[in-house]
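The values are calculated or read from the model by the stated rules, or taken from the named source; none is laboratory data. Note that the structure is a prediction, hence the values are computed from the model and not measured. Methodologically, a virtual Cβ is constructed for each residue, glycine included, from the backbone with ideal geometry; neighbour enumeration extends over all protein chains shown.
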Amino acid sequence: MSPCPNCFVIQFQSETEKEQLYWLMYSLWQSKAFYPYLRGSVIPFVILRDMKKCIADGLEKMETNPGQFQKVVETLRSLEEMEKKFRQNLKLLQDAKRMLFYKYM
């Protein structure tokens, strides 16, 4: 596999570590924590040093109150499921509208 410019890989010791960091990164992304670190005028990116700092800050906050972080993760999962159902319902509504016009035309 050849390297990809402006990309990096994170490896984990366990599935639990991967899951925790996934939700941490998702939380950081949703809270726009990476915005101050964005560089590039055409293709925005975050350099590895800034990414490490942002992750370290997030891990520090996560480790000071792991119970609260777990509650946030559970809430995020619930909201993701609700969003998925909402999108499915929107698709069904679009299909129903289309079928209505097909019958009419």
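Quick notes on this one:
- Matching residues, the range 25-39, being part of a helix (DSSP H, G or I) and under 16 Å from the mean Cα position of the chain (by Cα): Met25, Tyr26, Ser27, Leu28, Trp29, Gln30, Tyr35
- Among (1) polar (S, T, N, Q); (2) farther than 30 Å from Cys4 by Cα; (3) touching a residue at least 12 places away in the same chain (Cβ under 8 Å), the one test that Gln20 misses: (2)
- The range 49-65, residues that are touching a helix residue (DSSP H, G or I) at 6+ places or on another chain (Cβ under 6 Å) and of a type in the set (A, V, I, L, M): Met62
- Residue match in the range 13-24 (condition: in a helix (DSSP H, G or I), surrounded by 13 or more Cβ atoms within 10 Å (Cβ to Cβ), among the acidic types (Asp, Glu) and at pLDDT 90 or above): no
- Taken over the range 1-44, the criterion of being in contact with a Leu (Cβ under 7 Å, 6 or more places away or on another chain) and more than 23 Å from Pro66 (Cβ to Cβ) is satisfied by Phe8, Pro44.
- Residue in the range 25-59 that is surrounded by the most Cβ atoms within 10 Å (Cβ to Cβ), counting only those that are of a type in the set (Gly, Ala, Ser) and more than 20 Å from Val73 (Cα to Cα): Gly40
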